[in-house]
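Reviewing the structure listed below.
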Amino acid sequence: MISRRVLCAAFGLAMLGAGAAAAETVRVGIIGPFSGPFALQGKNFQAGIEAYRALNGKSVGGNEVEIIYRDLPTANPQQARAIAQELVVKDKVQYLGGVYFTPDALAITPILTQANVPLVIFNAATSAIMEQSPLVVRTSFTLWQTVTPLGKAAIERGIRKVITVVSDYGPGVDAENAFKKAFPAAGGTVVESIRMPMQTNDFSPILQRVKDSGADAVFAFLPSGPPTLGFVKAYNDNGLKAAGIKFLASGDLTQESDLPALGDGALGLVTSYHYAVSHDSPENKIFVEAARKAIGNPAELSFPAIGAYDGMFVISKMIEATGGKQDAAKAVEAVKGLAWISPRGPVSIDPKTRHVTQTIYLREVAKDASGQYINKEIESFPGQTDPGLVK
Ligand code: PHB
């Protein structure tokens with residue numbers, strides 16, 4: 001009698017002989033801040049990836065997918081390129097993903113074509129990154145995308161004069177430019193613009209300038225993590241809220257993981273963004289449950305997890321389209337125009353820019369029925385492409 005195992009083996013050989021591809025292990029290199037001051041952001045990359053794998057399995061079309069994590073604690077372009085090169089050459093990854101900071105993404109893009117590897121960006125949010133390589137796809141957001149709807153929203157809130165305060169690097173400059181275009185277009189005036197070095201951690205002198213400017217509101221961007229927590233705390237501690245100076249920002253400044261530390265002082269802060277953990281949809285319920293399980297402490301879940309989760313979906317579609325074989329151009333081509341329902345809402349990959357088209361939500365920090373601080377969605381702007389990439 002022939003055993004089942006022999007039969008199976010014989011069947012497998014016959015399949016191979018008939019031309020079926022042997023299963024490959026596809027390696028994916030993920031670069032992010034897994035230690036240091038921004039470790040919580042990297043932890044959210046990992047939670048998004050693990051949630052995706054828990055819900056969809058660890059293989060695609062019979063090919064096992066192996067994730068290799070590499071730590072890049074802060075923006076460091078030289079180190080970013082070295083890590084990416086090592087992942088490609090030594091670890092033989094077929095895909096690169098992650099990347100929290102813009103300068104790191106810009107340092108990695110020049111190696112992609114020669115390496116024959118696509119980069120799926122889970123966060124870095126400066127518009128121009130997409131123009132550096134045809135092999136980049138992005139599942140996060142841009143500051144142009146999130147900030148543009150704020151111009152009109154500010155006018156609707158009776159705000160007429162705004163001072164802008166941003167971190168002086170790619171996404172900060174984009175945020176400033178987007179606000180300076182959208183707000184005057186809606187009838188407002190930008191009275192002053194301040195750019196701070198990325199490393200700034202004493203915000204009192206800047207907030208004094210905000211007070212002295214005579215503006216009705218401050219518009220701000222800093223990269224999410226310790227800088228945003230420090231800035232919003234300083235906005236309260238320096239009496240700006242008490243003085244009636246309103247606050248407008250991209251949702252980077254009110255990420256959910258910061259809200260408990262900000263407490264009631266954050267209530268009423270108005271932001272616009274692509275994702276709120278409290279977004280009410282069946283897809284988001286499933287995602288949040290899986291991502292909270294992956295991250296361990298539910299209060300730590302924040303927006304980088306959604307970029308990572310959808311990024312893994314995109315990488316899976318690329319693996320499917322290439323049958324596990326390394327072909328970066330074919331992989332990227334396969335996801336141009338891809339549309340799906342993300343936990344954040346309906347999204348697609350713009351075939352022209354390779355950046356994610358999505359709904360941007362206007363939100364206000366509030367308490368839900370159980371007393372948890374949330375970014376409560378109050379208005380939505382569907383189908384937003386990246387205005388920063390329109391030429
Ligand atoms: C970026 O460097 O592109 C970046 C980092 C953190 C954010 C947004 C953008 O919250």
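At-a-glance table
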item: Flag for LYS180 being open to solvent by 20 Å² or more (accessible area, probe 1.4 Å), touching a Leu at 6+ places or on another chain (Cβ under 8 Å), away from the ligand (no atom under 16 Å from the Cβ) and not assigned by TED's automatic domain parsing to the domain that holds GLY42; result: no
item: Tally, over segment 140-165, of residues that are more than 12 Å from the ligand (Cβ to nearest atom) and either closer than 23 Å to LEU207 by Cβ or in contact with a Phe, Trp or Tyr (Cβ under 6 Å, 6 or more places away or on another chain) (or both); result: 14
item: Lone unmet requirement of (1) of a type in the set (Val, Ile, Thr); (2) at pLDDT 95 or above; (3) more than 27 Å from THR322 (Cα to Cα); (4) open to solvent by 20 Å² or more (accessible area, probe 1.4 Å) for THR102; result: (4)
item: Tally of residues being among the aromatic types (Phe, Trp, Tyr), more than 16 Å from the ligand (Cβ to nearest atom) and in contact with a helix residue (DSSP H, G or I) (Cβ under 6 Å, 6 or more places away or on another chain) across segment 47-103; result: 2
item: Per-region count, segment 263-279, residues open to solvent by 20 Å² or more (accessible area, probe 1.4 Å) and in contact (Cβ under 8 Å) with a residue 60 or more places away in the chain; result: 4
item: Test: residue in segment 196-216 that is hydroxyl-bearing (Ser, Thr, Tyr), open to solvent by less than 40 Å² (accessible area, probe 1.4 Å) and away from the ligand (no atom under 16 Å from the Cβ); result: yes
item: Complete set of residues in segment 107-119 that are in contact with a Ser or Thr (Cβ under 8 Å, 6 or more places away or on another chain) and either farther than 18 Å from GLU131 by Cβ or within 16 Å of the ligand (Cβ to nearest atom) (or both); result: THR109, LEU119
item: Search result, residues across segment 227-257 that are touching a Ser or Thr at 6+ places or on another chain (Cβ under 8 Å) and either of a type in the set (A, V, I, L, M, F, W, C) or open to solvent by 10 Å² or more (accessible area, probe 1.4 Å) (or both); result: PRO227, VAL232, ALA234, ASN238, LEU248, ALA249, LEU253, GLU256, SER257
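Each row is one residue, and each column tells you yes or no for (1) among the aliphatic types (A, V, I, L, M); (2) away from the ligand (no atom under 16 Å from the Cβ); (3) at pLDDT below 95.
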site	(1), (2), (3)
ALA266	yes, yes, yes
HIS274	no, no, no
GLU289	no, yes, no
ASN297	no, yes, no
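The values are calculated or read from the model by the stated rules, or taken from the named source; none is laboratory data. Nothing here was measured: the structure is a model prediction, and the numbers come from that model. Here Cβ is always computed from backbone atoms with ideal geometry, including for glycine, and neighbour counts include all displayed protein chains. Side chains are part of the model used for accessible areas, which takes the heavy atoms of the whole protein and leaves out ligands, DNA and RNA. Shrake-Rupley method; radii C 1.70, N 1.55, O 1.52, S 1.80 Å.
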